[in-house]
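Contents: one structure, followed by commentary.
The numbers here are math on the coordinates, done by the rules we state, and not lab data. What you see is a predicted model; the values in this text were computed from it and never measured. Cβ sites come from the backbone with ideal geometry, for glycine too, and all protein chains shown count toward neighbours.
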Amino acid sequence: MMIAVFTLVMALSIAAAAAARLGIRNLDIDHMLVAGRSMPAFMVFILAVGEVYSIGSILAFPAGIYAKGMESAYWYMGYLLLAYPFAYFTAPLIWRAANRHKALTVPEVFGRHFESRGLEIVMSIGALIAVATWGQFQFVGIQVALTELGLKLSPAGLLAAAACLAFIYVGLAGVKGSAFVACIKDTAMMFGIVAVGIAAIWTMWGTPAQPLQVSMPESHLTMGMPALSFAISTILFQGFGLYLQPSVSPFVFTGKSEAAVKSATVFMPLYLIMLPFGAVVALYALTALPGVENANRIFLDVAHSLLPSWAVGFVIAGACLAGILVLSVNALNCAAIVTRNLVPNVPVSAQRQWTRLTIAVFLIVAAALTLVVPKLMVSVLNFSNYIAIQFGAGWLAIFFGRRVSALSVGLGLVVGVVVAVVLFATGANVGGLNVGFVAFIANLAITFGLCRIMPAGKPRSPVALVAKPTTA
C-alpha cells in the first residue's frame, strides 16, 4: 500500500508537469527559464516557497534537532523568520534589475548592469558552485527518503530514478512545469509534516493514562557562548541572504510585475507552520528512538513507527517531491548559466537543446557527488549557504551603489568564497561565528571598499532609485 500511494503521487506530479505545457506553442529559452515573465503572484509564491522549503524542511530540520538540540532549532527557525521581511523589500528590486536588463540568469544581471563580460563569467562560476552544492543537498535527502520505500534498488539506481523525474519536470515545460509540480509537492509535504507531528503529539500527550515521559540529553537543552554566537551570526547571515542566492533569486524573474512579486512575499511566512511539527517529531524521536546513527532518517523512522502504511507512502512522496522539485529547477538554472553565460556564441535557436543536455550532465554529477561524499544534511546546507549568500554583496551594489565597479564586485565574491571555503575546510573557529558570515564581511569590505581607494568608476543608476511600476 505504501508503494502504491507513493507511485500515485509521483504519477500526479508528472501529469502536472505535462499540464503546464498546454498553451505553450513554442517552448523557447525565454519560456523555459522565466516562463515569459508571465507568472502571477500566486505562482511566484509557489515557486519561491518551493525552493526555500525543500527536503530540508522535512528531513534536515528534525535531523538537526535530533543531532544537536537547541542549537540547531534556534538558528534554523530564526533565519527563516528574518528572511521574509528582507525578501519583502529585496525581491521586488531583484525583479526590477532583471527586467531592466532583460536578463534570464543571475550572471546576466551582473554582467549587463556593470557592462563587464569578465564579471559575468566570475558570477557564473560562483553560481555553479553554489547551485551544485544545493543540488547535492537535495540528493542526500532524496536518497534517504527513497531508501525507506524498501525497493530492491542500489543507491545509484534510486538516485538515477530521482534524476529522471527531475529532468522530466523541467524538460516538459521548463520552470512553469516546476511551478505546477510544486502544487502537488506542497500538498504532500504539508500533509506529511503535520500528520507525523500530530501523531507524535498524540503519542506523547494524548493518552493521559500512560503519557510518554519526554526526555532529552542535557547537551541538547543548553547553548554555550560559541553555539549562541554561531546561531546569531547564522540568523543574520542567512536571513539577509536567503532570497539573494543564485538558487532562489531566479524565481523572482518569472513574475509578471514587481507588484506581483511583492504580493507573493507577503504570504510566504505561512509555511512556517510546519516547523513546530518538525520540532515535535524530533522531541519524540529523542525520547522513543534514542541512539539512531543516521540522523537524516529520523523523521521517516518516526513516520514508520506511528503512521499506517498508506500514510507513510504519502509522507515519503512529499519528501521526495520536495527534493526532486528543487533539484530540477537548480539543474535548469545551472544549465542556463552554462549555455548562456559560459559557453560563447551558442545560437538562441540551439540554447534549448544545449540547456537540456546540460541539465542531464548536472544531475549525473550531483548524484555522483552524493554517492561519494554523503554528509549530514545540515552540514551540506550550511556549506551551500556559505557560498551562495556571498552574492548578496553584489546585489547590494546593484540596488544602491553608484560607483561600485565590476572589479570590486567580482573580487569581493572571489574573496568571500575563498575565505568561506578555507575556514570550512580547516575547521577554523572565528569566535564561534558562522564562517559564511565572516566571509561575507570580507566580501563587503572589498566590494564597497575598493571604490574608496581606487579611481571612481563609471556612475551607474542604482536599481532602488528607479521609479517602480504601479500595475499589479
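Pairs of Cα atoms nearer than 8 Å and 6+ residues apart set the relative contact order; for the chain it is 31 percent. Each part gets one Cα centre, and for region 330-362 versus region 52-126 those centres are 21 Å apart.
Projecting the Cα positions of 333, 300, 227 onto the charge dipole of the chain (unit charges on Cβ atoms of Lys, Arg, Asp and Glu, taken about the Cα centre) puts 333 furthest along the positive direction. Note that region 435-448 has calculated 3J(HN,Hα) couplings of 5, x, 5, 4, 5, 5, 4, 5, 4, 4, 4, 6, 4, 9 Hz, one per residue in order, obtained from phi through the Karplus relation 6.51 cos²θ - 1.76 cosθ + 1.60 (θ = phi - 60°); glycine and proline are x.
Within the chain, which is the longest segment containing none of the GluC sites (Glu not before Pro) that sit in a DSSP loop and have at most 12 other Cβ atoms within 10 Å?
It works out to 294-472.
The list (1) 12; (2) 21; (3) 73 gives values of percent of Cα pairs over 43 Å apart, and only one came from this structure; which label was calculated from it? Here percent of Cα pairs over 43 Å apart agrees with entry (1). The ranking of 28, 301 by Cβ neighbour count inside 10 Å, starting from the fewest, reads 28, 301. Put a dot 7 Å past the Cα of residue 454, heading toward its Cβ, do the same for residue 81, and the two dots end up 4.0 nm apart. If one computes the Cα centroid of region 387-457 and of region 131-195, what distance in Å separates the two points? Here the answer is 33 Å between Cα centres. For a paramagnetic label modelled on residue 428 (point 7 Å from Cα along Cα→Cβ), amide N atoms under 14 Å away are absent within region 122-155. Region 256-305 and region 16-38 have their alpha-carbon centroids 31 Å apart. Taking 0.36 nm per residue of separation and subtracting the current Cα-Cα distance, fully stretching the chain between residue 309 and residue 28 would add 96.9 nm.
Going by C-beta contacts inside 10 Å, put 154, 178, 249, 384 in order with the fewest on the left. Intermediate results must be reported in sequence, preceding the final value.
Working: 154 10, 178 31, 249 28, 384 23.
Going from least to most buried by this count: 154, 384, 249, 178.
For the residue pairs 102/185; 152/185; 68/262, the alpha carbons lie more than 27 Å apart in 102/185; 68/262.
Each label was represented as a point 7 Å from its Cα along the Cα-to-Cβ direction; for residue 100 and residue 202 these points are 5.5 nm apart. Among 193, 201, the ranking by other beta carbons within 10 Å of each residue's beta carbon, starting with the fewest, stands as 201, 193.
Residue-wise HN-Hα couplings along region 135-152, as the Karplus relation 6.51 cos²θ - 1.76 cosθ + 1.60 with θ = phi - 60° gives them from phi, are x, 5, 4, 5, 5, 4, x, 4, 4, 4, 5, 5, 4, 5, 6, x, 5, 8 Hz; Gly and Pro carry x.
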